[in-house]
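Beneath this line is the structure, given in structure tokens, with notes to follow.
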Amino acid sequence: MEDLKLVQECLNGNSRAQKTLFDKFAPRMMAVCFRYMRGKDNAEDAFQLGMIKVFAKLAEFKFEGPLEGWIRRIMVNTCLDQLRKNQRLISDVGFEEVAFKMEVSEAVLSSMNTEALMALIQSMPTGYRVVFNMFAIEGFSHQEIAQKMGVSESTSKSQYLRARAYLRQRIEENKHGRGQV
């Protein structure tokens, strides 16, 4: 069923269409929540809250872009809301304080499987993980990240660079057999 018809049927109260929408997007949106939240339970909670918001706001979807992108934004915002409720995300660190660490060869990255890379991302401190996901994976600009998280743009940039340095260091440790992935 195409997205326009699927949304219309959901809005008409068709429970099959609602299940179809849920089933169509649940795996990808759960993956989004896993990237942002620490732990399976927290990711599942954010996912459930996000899906409730999707269905509650479905009438607001204007078909100005893909349905999946609209749902993804709701999921990301739900994760950010949950993180904000539970802890302070980021300390305001100056951009110039970021130290670049060793470079990692493409061969090391290509030899890592997705699960190992996801485990590394999950192991990042919350602020690093959130900014890394928003910038590198979701495609938000540093200005958008700063607005959504209530931090400065330079803080977003520094957290992203620190996240990359963190990943580089862990990948290098893994390459030399010192890391646990």
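Conditions tested, residue by residue: (1) under 15 Å from the mean Cα position of the chain (by Cα); (2) modelled with pLDDT of 85 or more; (3) closer than 23 Å to Ala165 by Cα; (4) not polar (S, T, N, Q).
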position	(1), (2), (3), (4)
Met37	yes, yes, yes, yes
Lys40	yes, yes, no, yes
Ala43	yes, yes, no, yes
Ile52	no, yes, no, yes
Ala59	no, yes, no, yes
Ser91	no, no, yes, no
Ala107	no, no, yes, yes
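Can you pull out the residues in segment 33-46 that are touching a residue at least 60 places away in the same chain (Cβ under 8 Å) and part of a helix (DSSP H, G or I)?
Quick first cut of segment 33-46, residues touching a residue at least 60 places away in the same chain (Cβ under 8 Å) only: 34-36, 38.
If the condition is that a residue be touching a residue at least 60 places away in the same chain (Cβ under 8 Å) and part of a helix (DSSP H, G or I), then Phe34, Arg35, Tyr36 are the ones that fit.
Please go through segment 50-71 and give me each residue that is among the charged types (D, E, K, R) and loosely packed, with under 11 Cβ neighbours inside 10 Å, ordered by number. Talk me through it step by step, then tell me what you get.
Of segment 50-71, the ones among the charged types (D, E, K, R) are 53, 57, 60, 62, 64, 68.
Matches in segment 50-71: Glu60, Lys62, Glu64.
Can you tell me which residues in segment 47-75 are of a type outside the set (A, V, I, L, M), out of contact with any Phe, Trp or Tyr (no Cβ under 7 Å at 6 or more places or on another chain), under 15 Å from Phe25 (Cα atoms) and touching a residue at least 40 places away in the same chain (Cβ under 8 Å)? Talk me through it step by step, then tell me what you get.
Step one: of segment 47-75, the residues of a type outside the set (A, V, I, L, M) are 47-48, 50, 53, 55, 57, 60-66, 68-70, 72-73.
From what's left, out of contact with any Phe, Trp or Tyr (no Cβ under 7 Å at 6 or more places or on another chain): 47-48, 50, 53, 55, 57, 60, 62-66, 69, 72-73.
Keeping just the survivors that are under 15 Å from Phe25 (Cα atoms) gives 47-48, 50, 53, 55, 66, 69, 72-73.
Phe55, Pro66, Arg72 - these are the residues of segment 47-75 that are of a type outside the set (A, V, I, L, M), out of contact with any Phe, Trp or Tyr (no Cβ under 7 Å at 6 or more places or on another chain), under 15 Å from Phe25 (Cα atoms) and touching a residue at least 40 places away in the same chain (Cβ under 8 Å).
The values are calculated or read from the model by the stated rules, or taken from the named source; none is laboratory data. Predicted model only: the values in this text are computed from it and were never measured. Here Cβ is always computed from backbone atoms with ideal geometry, including for glycine, and neighbour counts include all displayed protein chains.
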